[in-house]
Amino acid sequence: MATEQLNVLKALDVAKTQLYHFKAVVIAGMGFFTDAYDLFCIALVTKLLGRIYYTDPALNEPGHLPANVSAAVNGVALCGTLAGQLFFGWLGDKLGRKSVYGFTLILMVLCSIASGLSFGHEAKGVMGTLCFFRFWLGFGVGGDYPLSATIMSEYANKKTRGTFIAAVFAMQGFGILFGTIVTIIVSSAFRHAFPAPPFYIDAAASIGPEADYVWRIIVMFGTIPAALTYYWRMKMPETARYTALIAGNTKQATSDMSKVLNKEISEEDVQGERATGDTWGLFSRQFMKRHGMHLLATTSTWFLLDVAFYSQNLFQKDIFTKIGWIPPAKTMNALEELYRIARAQALIALCGTVPGYWFTVAFIDIIGRFWIQLMGFTMMTIFMLAIAIPYDYLVKPGHHTGFVVLYGLTFFFANFGPNSTTFIVPAEIFPARLRSTCHGISAATGKAGAIIGAFGFLYASQDQKKPETGYSRGIGMRNALFVLAGTNFLGLLFSLLVPESKGKSLEELSKENVGDDDTIAVTGV
């Protein structure tokens, strides 16, 4: 039997865009800004870490992180993120979105600082403590995914909900860009203050003791924007959908939203849970009937997207080195190499990554989630093949521009595509009492893909004949790019299961105003 939507939720769905929407975007978005900074800044400094802690003066090459250490440093935060997404997603439905929102931010700030203060100056101690604190940093970052997405979706009106959730996620692009800018500024300042010769002239002097401060400053800098938003996170009221539909306190929800919307909302006489009439839980027969296909769609597409997306993001420096866009390591000192890596990644972020996010913001409520995701996976497949097929030609001197343009376009369509939509859709299509949990499960499945990408690409891309020291032979960079193209194509196929949520209320999408005897539409495409 169908039931009426509560007045307070109707008011939210039809509310005009106003200041509180933009405040919510900034408050939730700064969490994602910090998330991206913390997750991806490590990719900028891994070569510097290798030089500082693993350079052997007896060898003729700058030091680099051993295979197992490199995999751990790049992947441990992703493991923490996966765990955090599951735990905080579940906790957000049990205790409330706001109740655990501040805790994730505190955890991120403390562990980011602790990562930069990793103990000692010996490789074993520094890498061990760095990995420990980055796991817990990732745990906090993981909580931000389901909580930020759920809060924004439950605050927004149905007409522009996609735009506002996409805007929160788009702050990730600025976080990535900010990481490269901070690295460029810090490395430039230290290079000019403490000049050092290239490695081939003087191996020991090319590093310099000051380099140890550089990576620590970069890693810790992300705490500043996160700390600045803590107060405002704590000032946000609990979402009306949690208060009314889960806590069953319609009166409190109405009071909170009346203040937020600056308008009087008539108070319902019924309590939220009794109004919906649903008591079934996660993975119950009723859940699988209504949302089983939805969960398969959100988990599979996010998994496949992150395999490709994190492979490309975390190992840009290795790709740029192999195509010759960054000079050989021995021709530079440690900070010169860091500067050049950051500059190259800043160009990709500025030209491909950031614009892609904001194209999604502009068009998500016009084109719709389904078509943007389908288009994104399609274009990622095409451009990855466009790199892989003529790879041997593109890596030759004089042809690097073509490689970088095509590579940047894959990032553009990842972000004007599935990297944004896989974040948005799970926050819209599941019922309120399971929304944060299901988003956390979807995001965690994505991070499982990211872990496979982070660990797998590192080994798979090794040369078939002459791998780097400490690595076994892989399938080569060209074949690894073909594998990523295939992954993107699979993402395209699974995207056919994704429902279209444009212009519909959350209760309509999740069928919370429909009884068990009513007809259920599974995909809604």
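The values are calculated or read from the model by the stated rules, or taken from the named source; none is laboratory data. Source: prediction; values computed, not measured. Here Cβ is always computed from backbone atoms with ideal geometry, including for glycine, and neighbour counts include all displayed protein chains. Ligands, DNA and RNA are stripped out before the accessible areas are found, and what is left, the full protein with its side chains, is counted by its heavy atoms. Shrake-Rupley method; radii C 1.70, N 1.55, O 1.52, S 1.80 Å.
Observations
- Meets criteria (aliphatic (A, V, I, L, M) and surrounded by fewer than 20 Cβ atoms within 10 Å (Cβ to Cβ)) for residue 123: yes
- Listed by position, the helices (runs of 4 or more DSSP H) enclosed by the range 335-440 that each have at least 2 residues that are touching a helix residue (DSSP H, G or I) at 6+ places or on another chain (Cβ under 9 Å), of a type outside the set (Val, Ile, Thr) and under 24 Å from residue 41 (Cβ atoms) are 354-367, 400-415, 418-424.
- For the range 127-150, residues that are open to solvent by 10 Å² or more (accessible area, probe 1.4 Å) and either more than 30 Å from residue 52 (Cβ to Cβ) or under 17 Å from the mean Cα position of the chain (by Cα) (or both) total 3.
- Some residue of the range 74-86 being touching a Cys at 6+ places or on another chain (Cβ under 7 Å), crowded, with 22+ Cβ neighbours inside 10 Å, touching a residue at least 24 places away in the same chain (Cβ under 8 Å) and part of a helix (DSSP H, G or I): yes
- Test: residue in the range 445-465 that is modelled with pLDDT under 85, charged (D, E, K, R) and farther than 30 Å from residue 14 by Cα: yes
- When residue 89 is tested against (1) within 20 Å of residue 444 (Cβ to Cβ); (2) touching a helix residue (DSSP H, G or I) at 6+ places or on another chain (Cβ under 8 Å); (3) open to solvent by 10 Å² or more (accessible area, probe 1.4 Å), just one condition goes unmet, and that condition is (3).
- Hits in the range 415-428 - residues which are touching a Leu at 6+ places or on another chain (Cβ under 7 Å) and closer than 13 Å to residue 380 by Cβ: 418, 419, 422
- Restricting the range 197-214 to residues that are touching a Ser or Thr at 6+ places or on another chain (Cβ under 9 Å) and of a type in the set (Phe, Trp, Tyr), the residue that is surrounded by the fewest Cβ atoms within 10 Å (Cβ to Cβ): 200
- All positions within the range 441-489 that are charged (D, E, K, R), in a helix (DSSP H, G or I) and open to solvent by 10 Å² or more (accessible area, probe 1.4 Å): 478
- Hits in the range 27-63 (condition: of a type outside the set (Ser, Thr, Tyr) and not in a helix (DSSP H, G or I)): 56, 57, 58, 59, 60, 61, 62, 63
- Of all residues in the range 26-61, exactly one satisfies the criterion of being touching a Phe, Trp or Tyr at 6+ places or on another chain (Cβ under 7 Å) and open to solvent by 20 Å² or more (accessible area, probe 1.4 Å), namely 33.
- When each of 500, 512, 508 is tested for being modelled with pLDDT of 85 or more, among the acidic types (Asp, Glu) and open to solvent by less than 50 Å² (accessible area, probe 1.4 Å), the lone residue that passes is 500.
- Filtered residues of the range 157-196 (kept if over 19 Å from the mean Cα position of the chain (by Cα), open to solvent by 20 Å² or more (accessible area, probe 1.4 Å) and under 26 Å from residue 241 (Cα atoms)): 158, 159, 160
- Candidate set: the range 391-433, residues that are among the aliphatic types (A, V, I, L, M) and over 26 Å from residue 325 (Cβ atoms); chosen: the one nearest to the chain's Cα centre (by Cα): 424
- Scope the range 224-258; condition under 22 Å from residue 434 (Cβ atoms), surrounded by 23 or more Cβ atoms within 10 Å (Cβ to Cβ) and under 26 Å from the mean Cα position of the chain (by Cα); matching residues: 239, 241, 242
- Count - residues of the range 393-419 that are at positive phi and in contact with a His (Cβ under 9 Å, 6 or more places away or on another chain): 0
- The numbered conditions (1) within 19 Å of the chain's Cα centre (by Cα); (2) without any contact (Cβ under 8 Å) to a residue 60 or more places away in the chain; (3) open to solvent by 10 Å² or more (accessible area, probe 1.4 Å) are all true for residue 358 except (2).
- Residue, surrounded by the fewest Cβ atoms within 10 Å (Cβ to Cβ), within the range 92-114, restricted to residues that are under 19 Å from the mean Cα position of the chain (by Cα) and farther than 21 Å from residue 427 by Cα: 106
- Qualifying positions in the range 217-234 - touching a helix residue (DSSP H, G or I) at 6+ places or on another chain (Cβ under 6 Å) and either at pLDDT 95 or above or aliphatic (A, V, I, L, M) (or both): 217, 218, 219, 220, 226, 227, 234
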